[in-house]
Amino acid sequence: MIRFLIKILLFWLLFIGLVFSITYYQCQKVVKGKQFQNHNNEESLIITPKNEHFDYLILGISHARNFSRHHNHQRVESILEVNMLNYGKGAGKGSIANQHNFFKYFLSRHNSADNIFYVITMPMFFSNIMDANAYTYENEIFSPKFFFILLFGPEVNKGEKMYNYLRSKYNTRWKKYGTWSANINENALSEIDTAAISNGFRLAYVKGLEMDAFERNKRYLIKTIELAQKNGINISFLITPTLFGEWPGHDMVIKFLDELEQQYNVKTYNFCCVYLDKVEYFADHHHLNTPGVIAFTEEYLKPIVEENKNKNQKDSNR
Amino acid sequence: MLFNSIVFFVFLSIVFLIYWLFRNKLKVQNIIVLVASYFFYGWWDWRFLSLIFISSIVDYSIGLALSQVDKSSKRKLLLFLSVSANIGILGFFKYFNFFIDSFSSFVQFFGFNPNIPSLQVILPVGISFYTFQTLSYTIDVYRKQIEPTKDIIAFFAFVSFFPQLVAGPIERAKNLIPQFLKRRDFDISLANDGMRQMLWGFFKKLVIADNCSVYVNEIFGNYHSHTGGTLLLGAVLFGFQIYGDFSGYSDIAIGTGRLFGFNLMQNFAFPYFSRDIAEFWRRWHISLSTWFRDYIYIPLGGSRGNREMQFRNVLIIFLVSGFWHGANFTFIAWGAVHALMFIPLLLAKKNRQHTDCIEHRDILINPWVIGKVIITFLLVTVAWIFFRMPTLGGALHYIEIMGQSIFTKPTKQFLILQQAFFYGIIIMLVFEWINRTRKHGLQIGRWPTIVRWFIYLSIAFFIFMFGNFNQVEFIYFAF
C-alpha cells in the first residue's frame with residue numbers, strides 16, 4: 001500500500017515537474033528580449049522585480065490601471081515625485097482575491113513598499129461572475145511560485161483559473177504575447193449618456209448586488225489589510241471620480257470601509273463626486289482619460305502623498 | 001459526480017484512503033462503499049437515490065423469498081413482481097412519454113385527436129444500468145444459478161457500486177456479489193493496472209471523445225449545409241467519439257474498481273478491430289450484449305430451432321438492444337440496421353468465424369483481413385448515423401446527402417489533420433492494436449520501467465495539453 005502511494009506521489013511529482021519545466025521554458029522563450037514595463041502592458045507578474053523598494057503600490061481594477069496606461073505611469077510618478085508599481089487589472093480580470101495574490105507575490109520576491117493605494121470600485125465587491133472568471137491569469141507569465149500562491153490563496157473557481165493559467169501558455173495567442181495596453185486614454189466624452197450608464201451597470205452587476213460575493217470579498221480585503229500591516233505598509237483606499245457619482249452598492253461599501261477605519265486605522269479617500277460635470281476628463285463614464293488622470297493626480301492625490309510623506313518624516317524623526 | 005471533474009479526484013482519494021484504513025474489516029469496507037456510492041450518486045440528484053433504494057430492497061427481499069419457496073407458480077409470481085417493479089420504474093422514467101407520444105401519433109393517423117398530456121419526466125442517470133444489474137440477480141436466483149445473499153449491505157453495495165453505477169459495466173451478481181462477501185486485500189499489481197486503465201480511460205474521454213464532439217456537433221447539427229465527404233467525416237468522428245466516451249468511461253470504472261480490490265468485467269474488447277458485425281457485437285458493450293444473450297436470446301431459443309426462429313430471435317435482440325439505448329425510433333432503427341447486417345452472417349453460418357483476436361500473421365498472409373476490418377468499421381459508422389441523429393427522417397436524409405455528394409468539394413474545411421485529437425486517435429489505435437489480446441489499451445505492466453513511465457507521463461501530458469476540460473457529460477449517462 002505504501003509502495004503504491006509512493007508511486008502515485010512520484011508520478012504526480014514527475015508530472016508536475018514536467019509541466020512546470022516545459023511551461024516555464026515556453027514562457028521564457030516568448031518574453032525574452034521584450035521590454036515589459038508598467039506603462040506598456042496590463043499584466044502584473046512580468047513587471048514584478050526582485051529586492052526593490054517602492055513608495056507606492058497601486059491595487060485595484062481598471063480604474064487603478066488607468067494611472068499607468070499609456071505613459072500615465074511616468075506622468076503620475078513625476079507629479080507625485082514617487083516611484084510606484086501598479087497591479088491594477090482591467091478587462092474584467094481584476095478582483096479583490098487576485099490583487100491579494102499579486103500582493104503576496106510582490107512580497108515573496110523580497111520587494112517592499114511604504115504605501116498602498118487601493119483603488120476601490122464598487123462592482124469588484126458584488127460580482128460572482130467577475131470573481132469566477134476562469135481566464136483571470138491567462139496573460140500572466142508562468143511562475144511556479146505564483147502557482148503555489150494561487151493554490152493556497154483566496155480565489156473563487158480556483159481549479160479552472162489555475163488550469164487556464166498553465167494551459168494558456170500553449171495557446172497560439174501566447175506565442176504573440178507582447179506589450180499592450182487598453183486604448184482608452186485619448187478618448188474624451190462629449191456628453192453624459194444615461195443609457196450608456198445604465199448599460200454599464202448591467203454589465204458590471206450582471207446579477208445585481210450579490211451579497212454572498214460582498215461578504216466573501218470583505219473577508220479577502222481584510223486579509224490584504226492584515227498582510228500589508230504585517231509588513232509595515234500603510235494602506236489607504238481611494239474611490240476615483242465618475243460622471244454618475246456613486247456606483248450601486250456605494251453606501252454598503254462605504255459603511256464597510258468606515259468599519260475598517262475603526263478597526264485597522266486605514267483611511268478612505270472618497271472622490272467619486274469631484275468631477276461630476278467634467279466630461280472632458282473621462283474616456284467613458286467612469287474611467288479617467290490622460291488629462292483626467294493628470295488633473296486628479298495633481299488636485300487630489302498629491303496632497304495625500306504629501307500628507308503621507310510628512311507623516312513618514314515625523315515617524316522617522318521619532 | 002462526473003469522473004472528469006476535480007470533485008471526483010478529491011472524492012476518490014478520500015474514499016480510497018478511508019477504505020484501506022479498514023483493510024481487515026470487510027463489513028466496514030462494504031459500508032464505506034455503500035455510503036460513498038450513495039454520496040456519489042446523490043451529488044447529481046439525491047432525490048433519485050430513492051429509486052436505487054427501492055430497486056435494491058425489492059430485489060433483496062424477492063431474492064430471499066425465492067430461496068424459501070419451491071413451488072413453481074409462487075416462484076414465477078415472485079419473479080414477475082421483481083421484473084414488474086424494475087421494468088415499471090424504468091418504463092415510467094425512460095419510456096412513458098415515448099409511448100404516449102407514439103400512441104398519440106398513431107391514433108392521429110386514423111383521424112382522432114386524443115389530446116393526451118405528456119409528463120415532464122427527468123431521466124435518472126444510470127437507471128437502465130442498475131435496473132438490469134438488479135434484474136440479473138433475481139433472475140439468476142430464480143434459475144437457481146446463484147444463492148441469494150443475506151448480507152443486505154453487500155447487496156445494496158452491489159447494486160449501487162459507484163464506479164459502475166451510472167454507465168456500467170452492467171455487472172452480474174455471480175461475479176460481483178461474491179467479491180463483496182470475501183475479504184479484500186490490497187493488491188498492488190491490481191491497483192497499478194487500475195491506475196493505468198484509468199489513465200487510458202481519461203485519455204480516450206478527454207482527448208478523443210470530447211474533442212471529437214465539437215466537430216460532430218457542428219457537422220450533425222448543420223448536415224444540410226455540408227457535402228458527403230464532410231458528412232462521412234462526421235460519422236467517422238462520431239464513431240470515435242462514442243467509443244472514446246463509453247469505453248473511456250468503462251476503463252475509468254474498471255480501473256477505479258481495481259483500486260478497491262474489485263475485478264469488474266471487461267466491457268470493450270477493441271471493437272473497431274472486428275472483422276465482421278458478429279465479432280463487433282462480441283467486442284462492443286460486452287456486459288449489455290451478454291445480458292441480452294443470457295436473459296432474452298437464449299430463453300427465446302437462441303440459435304437453436306429453424307431459420308425463421310433464429311431470424312426472429314436475432315431481430316428481437318437487436319431491436320430490444322436499440323430500444324434499451326433510448327426512447328426514440330432512431331435507436332430502434334440503429335438496432336434494426338445491425339440486425340440486417342448480422343442476419344446474412346447467421347444465414348451463411350459465419351457468425352462465429354472470428355472468435356479470437358487478429359494475429360499478426362493473418363495480416364501478413366492475408367491483407368484482406370485489414371479490408372474486412374475497414375469494411376466492418378464503415379458499416380458500423382453508417383449505423384451510428386441513426387444513433388446520433390435526433391429523428392429517423394433526419395438520419396435517412398443525412399445518409400442520402402452523404403451518398404449523393406461523397407466526392408463533391410467540401411463547403412467547409414475542418415483541417416482535422418491539424419488537430420491534436422487526430423493524433424490522439426492514432427495513438428489510441430496503435431496502443432490498442434499492440435495490446436489487443438489484453439484487457440485494455442495501456443496494459444503495459446511488463447514493459448521496461450523507463451519506457452512505461454515515459455509513456456504514462458507522455459499520455460498525462462497529452463491529456464493536459466489537448467484534453468477538453470469543459471466537463472462534458474458521458475453520452476451513456478443519457479441511457
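The values are calculated or read from the model by the stated rules, or taken from the named source; none is laboratory data. Every value quoted in this text rests on a predicted model; they were computed, and no experiment measured them. Cβ placement follows ideal geometry from the backbone for every residue including glycine, while neighbour counts extend to all protein chains displayed. We work out accessible area using only protein heavy atoms, side chains counted, and drop any ligands, DNA or RNA first. Shrake-Rupley method; radii C 1.70, N 1.55, O 1.52, S 1.80 Å.
Can you give the accessible area per residue of the range A:233-318, in Å², using a 1.4 Å probe?
47
For the range A:152-299, what number results from the quotient of the Cα radius of gyration and 2.2 N^0.38 Å?
Against the compact-globule rule of thumb, the ratio is 1.26.
Run a plain Debye calculation on the range B:414-459 (Cα atoms as equal point scatterers, no solvent) and give log10 I(q)/I(0) at q = 0.17, 0.18, 0.24 Å⁻¹, rounded to two decimals, same order as the q list.
Log10 I(q)/I(0), no solvent term: -0.56, -0.61, -0.90.
If the viscosity is 0.890 mPa s and the temperature 25 °C, what translational diffusion coefficient in µm²/s does Stokes-Einstein give for the range B:208-316 when Rh comes from Kirkwood over Cα pairs?
149
Stick to the Cα atoms of the range B:334-396, pair each with every other, and give me the Kirkwood hydrodynamic radius in Å at one decimal.
Result for the range B:334-396, one decimal place: 13.6 Å.
In degrees, nearest 10, range 0 to 90: what is the angle between the Cα axis of helix A:96-108 and the longest Cα principal axis of chain A?
70
Which net charge results for the neighbourhood of A:V305, defined as the other residues with beta-carbon distances under 10 angstrom from its beta-carbon, given Lys and Arg at +1 and Asp and Glu at -1?
Result for the local shell: -2.
Tally Lys/Arg at +1 and Asp/Glu at -1 over every other residue whose Cβ is under 12 Å from the Cβ of A:S78; what's the total?
Taking every other residue near A:S78 into account, the sum is -1.
Let me cross-check B:F80: its accessible surface, 1.4 Å probe, with only protein heavy atoms counted, in Å² to the nearest 10?
Probe radius 1.4 Å; accessible area of B:F80 about 130 Å².
More than 37 angstrom separation, counting every C-alpha pair in the protein assembly as shown; what % is that?
55
State in Å² the accessible area per residue of the range B:386-467; use a 1.4 Å probe, count heavy atoms of protein chains only, and round to the nearest integer.
Heavy-atom SASA per residue in the range B:386-467 reads 55 Å².
With the solvent-accessible surface defined on protein heavy atoms using a 1.4 Å probe, which residues belonging to the range B:413-458 display a reduction of at least 50 Å² in accessible area in the multichain context relative to the isolated chain?
Relative to the lone chain, where solvent access is computed with a 1.4 Å probe, the range B:413-458 loses at least 50 Å² at B:W453, B:L457.
Using every pair of alpha-carbon atoms in the range A:1-154, split the distances into 5 Å bins beginning at 0 and state the percent of pairs per bin, rounded to integers.
Whole-percent P(r) values from 0 Å outward: 2, 8, 16, 19, 19, 14, 9, 5, 3, 2, 1, 0, 0, 0.
For chain A, how big is the tail of P(r) above 38 Å, as a whole percent of Cα pairs?
15
Provide the net charge surrounding B:T227, with neighbours chosen by a C-beta distance below 13 Å and charges set as Lys +1, Arg +1, Asp -1, Glu -1.
Summing Lys/Arg as +1 and Asp/Glu as -1 gives +1.
Within the protein assembly as shown, what whole-number % of the accessible surface is contributed by carbon and sulfur, with the 1.4 Å probe and all protein chains included in the calculation?
Carbon with sulfur: 62 percent of the solvent-accessible area.
Given just the C-alpha atoms of the range A:82-154, how large is their convex hull per residue in cubic angstrom?
About 108 Å³ per residue, rounded to a whole number.
So what is the calculated 222 nm ellipticity per residue for chain B, using -39500 (n - 2.57) for each DSSP H run with n of 4 or more, over all residues, to the nearest 500 deg cm²/dmol?
After summing the helix terms and dividing by the residues of chain B, the value is -21000 deg cm²/dmol.
Go through the range A:256-269 residue by residue and turn each phi into a ³J(HN,Hα) via Karplus (6.51, -1.76, 1.60, θ = phi - 60°); whole Hz please, and just put x for glycine and proline.
5, 5, 4, 4, 5, 4, 5, 7, 10, 6, 10, 8, 10, 10
Taking the solvent-accessible surface of protein heavy atoms with a 1.4 Å probe, what is the per residue accessible area of the range A:26-127 in Å²?
29
Kindly tabulate the residues in the range B:169-189 with an accessible-area decrease of at least 40 Å² between the chain alone and the assembly of all protein chains, using a probe of 1.4 Å.
In the range B:169-189, residues shielded by partner chains: B:F186, B:I188.
Just to confirm the number: angle between the C-alpha axis of helix A:194-204 and the first principal axis of chain A, 0 to 90 degrees, nearest 10?
30
Could you tell me which of the pairs A:K267/A:K314; A:K93/A:K161; A:K34/A:K175; A:K175/B:K204; B:K150/B:K174 are separated by over 22 angstrom between their Cα atoms in the structure shown?
A:K175/B:K204
Kindly flag which residue pairs out of A:K50/A:K223; A:K32/A:K302; A:K158/B:K439; A:K29/A:K89; A:K89/A:K302 have an alpha-carbon separation exceeding 27 Å in this structure.
Distance filter (> 27 Å) returns A:K32/A:K302; A:K158/B:K439.
Once you order the gyration tensor axes a ≥ b ≥ c over the Cα atoms, which shape class does the range B:299-385 get: rounded for a/c under 1.5, otherwise prolate or oblate by comparing a/b with b/c?
oblate
Once you average over the residues of A:4-12, how many Cβ atoms of partner chains fall within 10 Å of each Cβ?
4
Please list, short to long, the whole-number percent of alpha-carbon pairs of chain B in consecutive 10 angstrom bins beginning at zero.
For chain B, the binned pair fractions read 4, 18, 28, 28, 16, 5, 1, 0 percent.
For chains A and B, what's the summed buried accessible area, probe 1.4 Å, to the nearest 100 square angstrom?
Between A and B, the summed buried area is about 1900 Å².
Once you have the alpha carbon radius of gyration of the range B:75-195, what is it after dividing by 2.2 N^0.38 Å, with N set to its residue count?
1.44
Can you classify the range B:178-240 as rounded, prolate or oblate using the Cα gyration tensor, where a ≥ b ≥ c are the square roots of its eigenvalues, rounded means a/c under 1.5, and otherwise it's prolate if a/b beats b/c and oblate if not?
Note, shape of the range B:178-240 comes out prolate.
Mind ranking A:206-219, B:273-286 by how tightly packed they are, going by the mean number of other C-beta atoms within 10 angstrom, highest first?
By packing density, highest mean first, the sequence is B:273-286, A:206-219.
Helix-derived [θ] at 222 nm for chain A: sum -39500 (n - 2.57) over DSSP H runs of at least 4, divide by residue count, nearest 500?
-15000 deg cm²/dmol
Once the convex hull of the C-alpha atoms of the range B:151-212 is built, how many Å³ does it hold per residue, rounded to a whole number?
Normalising the Cα hull of the range B:151-212 by residue number yields 94 Å³.
Beyond 12 Å, how much of the Cα-Cα pair distribution for the range B:135-185 remains, as a whole percent?
Taking all Cα-Cα pairs of the range B:135-185, the fraction more than 12 Å apart is 64 percent.
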